[in-house]
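Engineer: Got a structure here, written out as structure tokens. Questions coming.
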Amino acid sequence: MDPAVLRDDMVDSLQHESKGVVRSAWLSTAMRAVPREAFVGEQQAYSDRPFERLGTRVLSPSTAGRVLETLSPEEDDNVLVVGAGVGYTAAVLAEHVGAANVHAIDITRRLVIEARQNLAEAGYDAVLVDRRDGAAGLPEYAPYDRILLEAAAIDPPRALLQQLTEDGRLVMPLGTGEQSLAVVEADGSVHRHGTVAFQPMLVEGEQADTVERNRTHREDRERARRAAQSRAG
């Protein structure tokens, strides 16, 4: 079947009341325009489920739609995607704000290469993709009107908040165990938008396919150690 027809069917389903994750005109238009098969292959492109690719989880279309609706970028916004993955969400954003206004980073080198190739194949080669530690952001191109963090952390990374414009927003999965999809303003105020389940953020020295990839586990251990020390004296 024609991929354009499959894309229309996918977005129609995401707009249906039973899901209702795509509500805005910009997102409907962008998701109908981006050839998802260029990022995930034809067999998996239009099924609404996540799957693993090169050690990372590719978001289902409904989850991608949900986080992008929450991000709510405006035309010509400067946007940073932390956790480029295969590049699909960066492409949807590029369709709306312009490819030159989208920057994406990932800590895993092979995902950076994959995202660059996929974006080029889909016609969004002007999106900048670089290998960086996500917690440090990409200060060279800051400030950003919108930052999308596609990995969970127990606290909003300070560097990302510092790279927001005065009225910018960071959207991220916040917490351990039960996570919330959170909108974090530049002043640190947090607004929660229901539960989500994302993989944890990695730090420098980790790769997506290592045994201990859960940054939040290490953060929990550190907090427990500090609490024990505090109680002791």
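Engineer: Put a dot 7 Å past each Cα toward the Cβ at Gln162 and Glu121; how far apart are the dots in nm?
Structural biologist: 3.8
Engineer: Tell me, in nm to one decimal, what length is gained between Val5 and Glu42 on full extension, where the rule is 0.36 nm per residue of separation less the Cα-Cα distance?
Structural biologist: The Val5-Glu42 span can extend by a further 12.0 nm.
Engineer: Return the sequence-ordered ³J(HN,Hα) values of the range 21-32 in whole Hz as given by the Karplus equation 6.51 cos²θ - 1.76 cosθ + 1.60 applied to θ = phi - 60°, using x for Gly and Pro.
Structural biologist: 7, 9, 10, 9, 5, 4, 6, 4, 5, 5, 5, 6
Engineer: Over the range 101-172, what is the relative contact order in whole percent, taking alpha-carbon pairs under 8 Å and six or more residues apart?
Structural biologist: This gives 29 percent for the range 101-172.
Engineer: Relative contact order of the chain, please, whole-number percent, based on alpha carbon pairs below 8 angstrom and at least 6 residues apart.
Structural biologist: It comes to 14 percent, rounded to a whole number.
Engineer: What residues have an amide H closer than 5 Å to that of Thr56, excluding those fewer than 5 places away on the same chain, when H is modeled at 1.01 Å from N in the peptide plane?
Structural biologist: Here nothing satisfies the definition.
Engineer: Okay, moving on. How far, in nm, would the chain grow between Tyr141 and Glu75 when pulled straight, counting 0.36 nm per residue and subtracting the alpha carbon separation?
Structural biologist: Here the segment from Tyr141 to Glu75 would lengthen by 22.0 nm.
Engineer: Moving to a separate point now. To check you understand DSSP bridge types, tell me what percent of the beta bridges within the chain (both residues inside) are antiparallel, rounded to 5.
Structural biologist: In the chain, approximately 45 percent of DSSP beta bridges are antiparallel ones.
Engineer: Amide H neighbours of Ala152 under 5 Å, counting only residues 5+ apart in sequence or on other chains, H built in-plane at 1.01 Å?
Structural biologist: Gln199, Met201
Engineer: Okay, next question. If you stretched the chain out fully between Phe51 and Asp12, how much longer would it get, using 0.36 nm times the residue separation minus the C-alpha to C-alpha distance?
Structural biologist: 11.9 nm
Engineer: Follow-up. Relative contact order for the range 19-96: what is it in percent, counting Cα pairs under 8 Å that are at least 6 residues apart?
Structural biologist: Worked out over the range 19-96, it gives 40 percent.
Engineer: Restricting to DSSP H runs of at least four residues, report the calculated mean residue ellipticity at 222 nm for the chain, -39500 (n - 2.57) per run over all residues, nearest 500 deg cm²/dmol.
Structural biologist: For the chain, the value works out to -11000 deg cm²/dmol.
Every number in this text was worked out from the coordinates using simple rules, so none of it is lab data. Note that the structure is a prediction, hence the values are computed from the model and not measured. Ideal geometry is used to build each Cβ from the backbone, glycine not excepted, and the neighbour counts take in all protein chains shown.
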